[in-house]
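Written below as structure tokens is the structure these notes are about.
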Amino acid sequence: MTLAETSYKSETRDDRPLAPAVLRGLRCKCPACGEASMMQGFLKVAEACPSCGEDLSHQRADDGPAYLTMLVTLKTVTPLMVASMFIWDLHPAVLFSLFATMLIALSLFLLPRFKGMIVAIQWSRRMHGFEGKDARQH
């Protein structure tokens, strides 16, 4: 890294910090203002924030939220299911009903939050058209 690159990096500041954006995304709020919901339904991201007008149509969450949801739910519920099989002698139908319900509930809770988080990361890192008017040209 040259001296010019070092001084340039020290002069620039992050006008879209990642941590606050991710926290707003996990709450399904607009990553820019944190006021209004970024969701227009259960999983549909609004075209723009109704509060600040931030254009959210550029988001490309694709399969990321589903992958993260499966990763977290299965890594959480599977050990609990195996442990309960050894601790309690439950009938298989009861075991299936209990853990299928837990998987569905956890999935429905996490899926929109992970989608919001991924959209917020994209917004914060200026990915997929989120460059905006204020982005510096490099």
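Across segment 27-41, which residue is surrounded by the most Cβ atoms within 10 Å (Cβ to Cβ) among those that are within 14 Å of Met117 (Cα to Cα) and of a type in the set (Gly, Ala, Ser)?
Per the stated criteria, the residue is Ala32.
Which pairs have Cβ atoms under 7 Å, sit 6 or more apart or on different chains, and link a residue in segment 67-78 that is over 19 Å from Leu98 (Cβ atoms) to one that is surrounded by 15 or more Cβ atoms within 10 Å (Cβ to Cβ) and not small (Gly, Ala, Ser)?
Leu68/Phe114; Thr69/Leu110; Thr69/Leu111; Thr69/Phe114
Looking at this structure, is Ala93 among the small types (Gly, Ala, Ser) and under 23 Å from Met127 (Cβ atoms)?
no
Under the condition of being surrounded by fewer than 16 Cβ atoms within 10 Å (Cβ to Cβ) and in contact with a helix residue (DSSP H, G or I) (Cβ under 9 Å, 6 or more places away or on another chain), which residue from segment 42-60 is farthest from Leu26 (Cα to Cα)?
Per the criteria, the residue is Arg60.
All but one of (1) surrounded by fewer than 17 Cβ atoms within 10 Å (Cβ to Cβ); (2) in contact with a Leu (Cβ under 6 Å, 6 or more places away or on another chain); (3) among the aliphatic types (A, V, I, L, M) hold for Met117; state the number of the condition that does not hold.
(1)
Of the numbered conditions (1) without any contact (Cβ under 8 Å) to a residue 60 or more places away in the chain; (2) assigned to a loop (DSSP other than H, G, I, E, B); (3) surrounded by 12 or more Cβ atoms within 10 Å (Cβ to Cβ), Leu103 fails exactly one; give the number of that condition.
Failed condition: (2).
Which condition from (1) aliphatic (A, V, I, L, M); (2) under 19 Å from Lys29 (Cβ atoms); (3) out of contact with any Leu (no Cβ under 8 Å at 6 or more places or on another chain) is the one that Ala105 breaks?
Every condition holds for Ala105 apart from (2).
I need the full set of residues from segment 72-89 which are over 13 Å from the mean Cα position of the chain (by Cα) and surrounded by 12 or more Cβ atoms within 10 Å (Cβ to Cβ), in order please.
Thr73, Leu74, Thr76, Val77, Thr78, Leu80, Met81, Ser84, Met85 - these are the residues of segment 72-89 that are over 13 Å from the mean Cα position of the chain (by Cα) and surrounded by 12 or more Cβ atoms within 10 Å (Cβ to Cβ).
Just give me the residues in segment 61-78 being assigned to a loop (DSSP other than H, G, I, E, B) and closer than 18 Å to Arg24 by Cβ, in sequence order.
Correct list: Ala61 only.
Computed from the coordinates by the stated procedures, all read-outs in this text should not be read as laboratory data. Nothing here was measured: the structure is a model prediction, and the numbers come from that model. Neighbour counts run over all protein chains shown; Cβ positions are idealised from the backbone, glycine included.
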